[in-house]
Amino acid sequence: MKIKQFTNFLEQLSIKDVLVIDKLISKNNYVAIDISKNNLELKTFDVSSAAEWEKYITSYLKKNNAKVAFGGYLEVRNLYDRSSHFKSQSKEKLRNIHLGIDLWCTKNTKVLAVLDGEIHSFKNNNNYGDYGPTIILKHQIKNNVFYSLYGHLSLKSIKNIKIGDHFKQGEVIGFLGNSSINGEYAPHLHFQIIKDLEDNLGDYPGVSSKENLDFYKENCPNPNILLKL
């Protein structure tokens, strides 16, 4: 399916509100946030420190009278400079272009299945700066198969599940983890839509290099097409 067809298909799936975190948090309590390299505030604290990130996010939410800060699709971020996980072992340059949408809120926030689906795979991606516990759901709707990825979860989120478990749209599939297990980030959900998983299990690149961006933009369209934040 071409990207335009796929995005049109996703648009049609979300005429009603589609949520990916706790239903009790109204969308009126969401605020957009920019953590790209253009945000000069990020130069005022140590971006390699999860504690400093959490302090910054908490302050941002309070200042905006919000409970969730969201954004990040195709943001060019300096954040990944802190981790060798994003530095290629080949000739490819630094991966620093974000392919999902982040929702920054408190640890243990409920994470919801964005659409009806089943668990394709799950894994604790425990590299520094990685996803930590991650769940991937497989969706098959109107003969179209695609996937949604939920990263930075708690360890308990992947303890009592198995491949093939079914979830209805809006059901709780997990909870947000804290910095000690989520890759050393302030608590947040990395949410990503993927057309072709390319044989990956429990993991898929959430950040691209400039060189590979054309492919990933096709394979990972903007998740906000569904969420409409």
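The values are calculated or read from the model by the stated rules, or taken from the named source; none is laboratory data. These numbers were taken from a predicted model, which means no experiment stands behind them. When we count neighbours, we look across all protein chains shown, and the Cβ atoms used for this are built from the backbone with ideal geometry, even at glycine. With ligands, DNA and RNA removed, areas are computed over all heavy atoms of the protein, side chains included. Shrake-Rupley method; radii C 1.70, N 1.55, O 1.52, S 1.80 Å.
For this structure, a couple of remarks:
- Spin-label pair ASN64/VAL145, simplified geometry with 7 Å Cα→Cβ offset, distance in nm: 3.8 nm
- Cβ-derived FRET efficiency at R0 22 Å, SER180 paired with ASN160, nearest 0.05: 0.60
- Backbone HN-Hα couplings from phi across region 123-129 [Karplus 6.51/-1.76/1.60, Hz, Gly and Pro as x]: 5, 9, 8, 9, 5, 4, x
- Reported to the nearest whole Å, the Cα centre-to-centre distance from region 115-141 to region 192-229 is 13.
- Here's the picture: charge each Lys and Arg Cβ at +1 and each Asp and Glu Cβ at -1 in region 53-195, and of SER148, TYR73, ILE135 the one pushed furthest to the positive end of that dipole is TYR73.
- Measuring with a 1.4 angstrom probe and ignoring ligands and nucleic acids, VAL76 comes out at about 50 Å² accessible.
- Å² per residue, accessible surface of the chain at 1.4 Å: 49 Å²
- ASP196 paired with GLU41, simple spin-label distance in nm, labels 7 Å along Cα-to-beta-carbon: 4.0 nm
- Only protein atoms count toward the accessible area here, which uses a 1.4 Å probe; on the chain, the carbon and sulfur part of that area reaches 48 percent.
- Sorted largest first by accessible area at a 1.4 angstrom probe radius, with every protein chain in place, the residues ARG77, ARG95 fall in the order ARG95, ARG77.
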